[in-house]
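Student: Quick one: the structure is below, and I'll ask about it shortly.
The numbers here are math on the coordinates, done by the rules we state, and not lab data. Source: prediction; values computed, not measured. Ideal geometry is used to build each Cβ from the backbone, glycine not excepted, and the neighbour counts take in all protein chains shown.
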Amino acid sequence: MSDALIYDALRSPRGRAKEGASLNSLTPQALLKPLYAALVERTGLAPAAVDDVILGCVTQQGEQAGNIAKSSTLYAGWPGSVPGLTVNRYCSSGIDAMALAALKIAGGQAAVTVAGGVEMMSRVPMLSDKARVFTDPEFAARCRMLMMGNGADLIATLHGISREEADAVALASQQRAAAARDNGWFRSIVPITLEDGTRVSADECIRPDTTAEQLASMPAVFAKAGAAGIDAFQLAGYPALKQVEHIHTAGNSPAMADGAALVLIGSESWGQSQGLRPRARIIASATVNADPLQVLSGCVEATRKLLDEQGLTVTDIDLFEIHEAFAAVSVVCMKDLGIPQEKLNVNGGVIALGHPMGATGAIMAGTLLDELERRDLRLGVVSAAGAAGTGSALLIERIVG
């Protein structure tokens, strides 16, 4: 089997998911177009040689419907012969796109692929596809599928996580993201030029002036839904609990965002034929489904499974990029998995940087690779949770020398 090698990883800045925000004037295809162009310019890639383009996208509605992996390559002027596949495993979709691309390379079904994701949440809002499982309470209960914030509050309750611990994660995320932005550590960003000539080159969601006092003053946002019946449903599944503690606020939850990312994954022989030096190797992937009632614990369990299957411990891994799927999940990563704070999301996470759902996993992979290179480290894990307890993880080895 061939190694699946990462030759490049790039992304757009992340914009706030609201009208008039930095990227809001662009369609999803228009946001991806300069990323395809940058990939060609940076690597000399011949688009006609690409065996498949696999993109994550969660809300495949309106502008994001119709297999955006295919439509975006056509919009970018790539040959019609390039196949495209759009995948949805909720917020881990970008990681799963990379894993599928890597499997094609490793199995000899492809020599070179492009993986990644896109989500323009300012134009195609979350839940605008009106999926029955999120709009019909009776059907949702039958499927045991709940909204993400209520799952996060259940996780906090099960693990005894306090509001203060959750807010501390949020504050650290903001501070780390601001420091990384100001020091130019997000090297995978490709500046985006809008139609009016405006150049967008930095993540817009970061709030560097956030304070602990501000975070502490914010109201819990999922208590109302809990009182409307979700708490009772969760407590029926966990009869040892007396109540669900609602600790998540707008300040310690992921920020909805616009964004896109592309990762060039190919075989060793393909890279040699192009005179390209690989940046990293995808060693292994893992996918799980944890308890749907907890909604978001999948990234923890996927990370655990990946390490166990590879015979590794947290000590063996240099850096972890794990989806800040609400602050409680990050606390569980530190407490339950034993990941030290100095290894986890060292440049901030989606609470500060924003969470363009289908693109987040691929964005985090590029951030991880950039930081492994900057620190001259070797092994990293990127992991993300999705709805209904799903979770996916990748083990990445930076190629040194």
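Student: Within the chain, which whole H helices from DSSP have a Cα span along their axis of at least 20 Å and a mean Kyte-Doolittle hydropathy of -0.5 or more, if any?
Tutor: Going by DSSP H runs, the hits are 28-43, 357-375.
Student: Here's a follow-up. Determine the dipole magnitude for the chain: charges of +1 sit on the beta-carbon of Lys and Arg, -1 on that of Asp and Glu, nothing else is charged, the reference point is the Cα centre, and the result goes in debye to the nearest 20.
Tutor: Computed about the Cα centre, the dipole is about 400 debye.
Student: Let me ask something additional. Among T113, A131, A141, whose Cα lies farthest out toward the positive end of the dipole of the stretch 97-176, if unit charges sit on the beta carbon of Lys, Arg (+1) and Asp, Glu (-1)?
Tutor: T113
Student: Working from the pairwise distances between different alpha carbons, so that the mean of 1/r is found and then inverted, what is the stretch 111-170's Kirkwood radius in Å?
Tutor: Evaluated on the stretch 111-170, it is 14.9 Å.
Student: Taking only the C-alpha atoms, wrap a convex hull around the chain and report its volume per residue in Å³ as a whole number.
Tutor: In the chain, the Cα convex hull volume per residue is 133 Å³.
Student: Between T193 and R142, what is 0.36 nm times their sequence separation minus the Cα-Cα distance? Round to one decimal in nm.
Tutor: Full extension from T193 to R142 adds 13.7 nm.
Student: Explain nothing, just the number: dipole magnitude of the stretch 54-130 about its Cα centre with +1 on each Lys and Arg Cβ and -1 on each Asp and Glu Cβ, in debye rounded to the nearest 20.
Tutor: Using only the charged Cβ atoms, the result is roughly 80 debye.
Student: Here's a follow-up. Measure up K242/K335; K70/K305; K70/K104; K224/K305 against 25 Å on the Cα-Cα distance and list the ones that go over.
Tutor: In this structure, K70/K305; K224/K305 exceed 25 Å between Cα atoms.
Student: In terms of the ratio Rg/(2.2 N^0.38 Å) built on C-alpha atoms, what value belongs to the stretch 154-230?
Tutor: Ratio of Cα Rg to 2.2 N^0.38 Å: 1.53.
Student: Given R₀ = 56 Å, what would the calculated FRET efficiency be for A65 paired with R375, taking r from the Cβ atoms and rounding to 0.05?
Tutor: Plugging the Cβ-Cβ distance into 1/(1 + (r/R0)^6) gives 0.90.
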